[in-house]
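Written below as structure tokens is the structure these notes are about.
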Amino acid sequence: MKFKFLFNLAALGCLGLILTGCESAIELNPFAKKKPLPACPKVQLLKDTDTITAYRAGPGRDITDIRFEAELKGFTGECEYIGKKGVYSKVNVTIKVDFDISRGPAEKSRSTNVSYFVAMPEFYPKPQGHQVFTTRVTFPENRNSMWIIDEAVEVSIPITKSRPGPNSKIYIGFQLTPEQIKFNREKQRVPGIR
């Protein structure tokens, strides 16, 4: 009986040594305090770029010249810190953008492309500082307005001592021409229009 107890105890000890060889004791102990993951980087819609009014080519800027109008409504997302034991090399941020879109009288097709950007000013002018994504919107025959949730897009932020992930800022907006940005800013100044 005593021999069986000692054999079981030795087997349990060997199993413990094998497991701790693969993982640290803190990672195996469910009661140990683990270092919490850092917060996700801040993501927000960029003012003056959250709406778009696209006109057909030419000088006309009447309501009959509108191809489509769209408004960013929000986004969902998550982040994943890449690294081990609290030392991270990068954070991957996955974002799904959603927007309302209405087809205007000047749009003869039932489909149009809508482009938006995901920007990280701290990396500009590098390509990862301003990434543009385009989604194809097709209106069904009986509808001229839709709510779109685009496919997930991912951006990666390298982490250094001077750039921890939570301090990074990410902005989302429609890819606008200077004329469209000016239009949005003037529209905000007029009471009752937005």
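The values are calculated or read from the model by the stated rules, or taken from the named source; none is laboratory data. Everything quoted here is computed from the prediction, not taken from an experiment. For neighbour counting, all protein chains shown are included, and Cβ atoms are generated from backbone atoms with ideal geometry for every residue, glycine included. Heavy atoms of the whole protein, side chains included, go into the accessibility calculation; ligands, DNA and RNA do not. Shrake-Rupley method; radii C 1.70, N 1.55, O 1.52, S 1.80 Å.
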Residue tally, condition surrounded by 15 or more Cβ atoms within 10 Å (Cβ to Cβ) and over 19 Å from the mean Cα position of the chain (by Cα), over the stretch 61-87
5
Of the numbered conditions (1) of a type outside the set (Lys, Arg); (2) part of a strand (DSSP E or B); (3) open to solvent by 70 Å² or more (accessible area, probe 1.4 Å); (4) closer than 30 Å to GLY86 by Cβ, THR134 satisfies every one except a single condition; which is it?
(4)
Here are some conditions: (1) open to solvent by less than 80 Å² (accessible area, probe 1.4 Å); (2) polar (S, T, N, Q); (3) within 19 Å of the chain's Cα centre (by Cα). THR177 meets all but one. Which one does it not meet?
(3)
Residue list for the stretch 110-131, filter: in contact with a strand residue (DSSP E or B) (Cβ under 9 Å, 6 or more places away or on another chain) and either touching a residue at least 40 places away in the same chain (Cβ under 8 Å) or exposed (fewer than 10 other Cβ atoms within 10 Å of the Cβ) (or both):
THR112, VAL114, SER115, TYR116, PHE117, VAL118, ALA119, MET120, PRO121, GLU122
Report yes if LYS90 is of a type in the set (Lys, Arg), assigned to a strand (DSSP E or B) and either modelled with pLDDT under 95 or surrounded by 18 or more Cβ atoms within 10 Å (Cβ to Cβ) (or both), otherwise no.
yes
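Residues being part of a strand (DSSP E or B) and open to solvent by 20 Å² or more (accessible area, probe 1.4 Å): count how many of those fall in the stretch 42-60. Quick ask: steps written out before the conclusion?
Restricting attention to the stretch 42-60, the residues satisfying the condition of being part of a strand (DSSP E or B) are 42-45, 51-55.
Next cut, open to solvent by 20 Å² or more (accessible area, probe 1.4 Å) only: 42-45, 55.
Number of matching residues: 5.
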Scan the stretch 97-109 for residues that are in contact (Cβ under 8 Å) with a residue 40 or more places away in the chain and more than 30 Å from ILE157 (Cβ to Cβ) and report the count.
6
